[in-house]
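Nothing in this text is a laboratory measurement; each read-out follows from the coordinates by a stated rule. Not measured: the values here are computed from a predicted model. Cβ sites come from the backbone with ideal geometry, for glycine too, and all protein chains shown count toward neighbours.
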Amino acid sequence: MMEPFWEFWIIVQDVWNRGLLGATIGQLVISVGIITLALVFRHLFARIVIGNLRMLAKRTSGTFDDLMVDAIAPPVRLVPVILGIYLAFRMLELAPEYWDVVLQLVRSMVAFCIFWAFFRLITPLSQIFEKLAGMLGEATLSWLVKAVKGIIAFLGGAVILQMWGIEVGPLLAGLGLFGVAVALGAQDLFKNLIAGVLILVEKRFAPGEWIQVDGVVEGTVESIGFRSTFIRRFDKAPVFVPNAKLSDNAVTNFTRMTHRRIYWKIGVEYGTTVDQLRQICSEIETYLAASEDFAGSDEVSTFVNVDSFNDSSIDIMLYCFTKTTSWGEWLKIKEELAYKVKHVVEEAGTGFAFPSQSLYLEKVPFDMPEAFNPPGEKSDADQAGRKAA
């Protein structure tokens, strides 16, 4: 009676001991349990290690160490997972050919974790070079940070490939030949890349500045990329301009103006006397000199002079500069100046000219014909006389 049960038990033991890849089912269950515990312990480990590091960082006055702790937090959370995977496969007692693959996988994960930490540390470490930002510019420093990150990512990938027996040297040689072929078909890409480098080196503009390129774009620079520059127009529409267009064309950078100009031609009537013209010019000059909103004549050119005799007016040229370069403040100062000019002209007893033409009739020809009114129709003068009567 017991023999069938005994045979079934033998089958169960055989299945239990066969398992997978030479490991028993019990070992597989234990390995899965170890990985599960590693995932659970990952959060606890991160709280303990990262929490203590953050407490130490808060004791300092700067924020540099706080940013470093935040940067290494994700790689640190990966450490328990890697350890759990290693212990889980160790528990399986795999055959040597399988165990070698597992070791390579664990080594690759460790290398990935290390280079990932370095990659994330670049951003807080870039704060050390804040002084260079003043020399090179924020955009240039941003490019350098991206370049260093790219180098670290490349080195990390090369190390991992080397672990798997893939020679990096022949691969780079092959990529070089491939790069030449790509370069021939991507000349515009490399042209824009080089143009972007020239823009940063020459410091033509920086993010946040207002620029204008005739026939291309006008707006505020938001970011300078490897291939194109992101500019926000004043109607809030985004424009991505290839760097080559910004490098080859003339760029007007309004943000870097030292002063802002006001250039008017004020036309007054031809009946204005010389004394009135002198009075107008003198009072405007006095206003400009007394106002703190305008730059002095020792800094910039300032002119208030009778400039020309136009077709319908005597033109006074007003040429001055405000101290502010802000467009909104400049408009307010310009408005106040307009009020002052109108008041000065009216106070001088004259007025502003407007386009007009005068017709002078020397004499009426003696043989000019009279106006003909058809019979039965009254002229406008007759009708007006009857209505008046």
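Structural remarks
- Sparse-neighbour loop sites [chymotrypsin sites (Phe, Trp or Tyr not before Pro); the stretch 252-301; at most 15 other C-beta within 10 Å; DSSP]: TYR270
- Greater than 27 Å apart at Cα, pairs in LYS149/LYS203; LYS203/LYS245; LYS265/LYS332; LYS146/LYS203; LYS146/LYS191; LYS236/LYS342: LYS236/LYS342
- Sorting the segments 75-85, 313-323 by their mean number of nearby beta carbons within 10 angstrom, highest to lowest, gives 313-323, 75-85.
- Positive contributions from Lys and Arg (+1) and negative ones from Asp and Glu (-1), summed over other residues with Cβ under 10 Å from the Cβ of LYS323, come out at -3.
- Net charge over other residues, Cβ less than 13 angstrom from the Cβ of PHE115 (K, R count +1; D, E count -1): +3
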